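Every number here is computed from the coordinates shown, using simple stated rules; none is lab data. Keep in mind that what you see is a predicted model, and the values were worked out from it rather than measured. Don't worry about glycine lacking a Cβ; one is built from the backbone with ideal geometry, like all the others, and counts go over all protein chains shown.
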Amino acid sequence: MTLNRRTVVKGALAAPLAASTIAAMHPALMAQDGPVVVGSKDFTEQFILGNMYLLVLQDMGLETEDALNLGGTQIAHQALESGDIDTYPEYTGTALVEVLGLSVEDVLADFQGGGAAATPVDAAESATPVAGGGSLEDYVYQLVKDAYQADLNLTWLAYSPFNNTQALAVKREWSAENGVTTISQLAEIAGDLTISAPADFPEREDGLLGLQRVYSAGFNDIETLPVAPGLKYQALLDDEAEVVLAFGTDGQIAGYDLIVLEDDLGLWPPYNVAPVVRTEALDANPDLAARFDAVTTSLTGEVMSGLNWRVDGDEKAEPADVAREYLEENGLIGG
């Protein structure tokens, strides 16, 4: 293994949140006796997945606590590591870069063997939803899984077929008018543009920092419009920004007929999602892994995009209702 992995997770480099701060943000976090506490980050897909976890646990006859909508990656991860929650959905690429602090270029070179030249990461769905098939998705998953288990005593369960890669998206007409279909082409004019993105985008290695490093200084002068995840597409539709930081399974991409720009230099790794669970909680509930795995491995990109759009599109369905209907229709609860 040629990777220079940090022995402490990236989130641990910042001053830890005090228990009182976490409790004030979400009181359910401090109730740890008995219930399995499920957390999530602060966007639609996480709400749906978190509700799926809650419903499966309840179907197993377990008491649960809802701690969804915690915030960004570092808050959710710290809550899990400290035992304030027992599980939340995480993405392999996010764990790789934002939690473990690894370089995508190093991972690609190591995967290809002997430091071979990096090639762009294929954003298509993995054909192998569990580790062992030899794909880049498998490789990243196993790397993250092993590091979490060894360093943090946290367990990654099976990962999803869909890759919710980060991406840059633009309006179709804007793409045609400006002749921009790749991120390299966007970089040439980025200094004249505004990107709508969550507030942590400028500080993330798989955000603006990565774009500046991989796609040159063209991104040094792009203006960032910080917005809540649920509002980032509205800024694009309202012409407050020309570019939006998208996720591959966002329902808005198809719903608004947007163009996802090709990541032609391979900035982003795979972002397959999986439940990350405190090993103690998993040991106490040994049937949990098989039940969660059945849910996760059923979620293709098309399925997840459709579920997300039910919440974010005109239907405005509640994430809990969308989660319940999917699980019941597919025989994953209520049997």
Each label sits 7 Å from Cα toward the beta-carbon; between residue 189 and residue 112 the label points are separated, in nm, by 3.0 nm
Quick one: order 146, 86 by neighbouring beta-carbon count within 10 Å, fewest to most. 146, 86
Using a 7 Å offset from the Cα along the Cα-to-Cβ direction at both residue 254 and residue 228, what is the distance between the two label points in nm, to one decimal? 2.7 nm
At a Förster distance of 41 Å, what's the computed FRET efficiency of residue 283 paired with residue 176, Cβ-Cβ distance as r, to 0.05? 0.15
Need the list of aspartates and glutamates near residue 316 for cross-linking: C-alpha distance under 16 angstrom, and skip anything on the same chain fewer than eight residues off. 45, 250, 325
Using mean Cβ contacts within 10 Å as the protection proxy, how do 58-64, 296-302, 246-252 order, highest first? 246-252, 296-302, 58-64
Once label points are set 7 Å from the Cα along Cα→Cβ at both residue 264 and residue 142, what is their separation, rounded to one decimal in nm? 3.3 nm
Using 0.36 nm times the number of residues separating residue 290 and residue 220, minus their current alpha carbon distance, what extension gain do you get? 20.6 nm
Top positive-direction residue, dipole computed over region 211-335 with Cβ charges, set 295, 251, 320: 295
Within straight cross-link reach of residue 145, meaning Cα distance under 13 Å, which aspartates and glutamates are found once same-chain residues fewer than 8 apart are removed? 90, 137
Please work out whether region 165-276 counts as rounded, prolate or oblate from its C-alpha gyration tensor, where a ≥ b ≥ c are the square roots of the eigenvalues and a/c under 1.5 means rounded, while otherwise a/b larger than b/c means prolate and anything else oblate? rounded
Ranked 279, 181, criterion: other C-beta atoms within 10 Å, fewest first: 279, 181
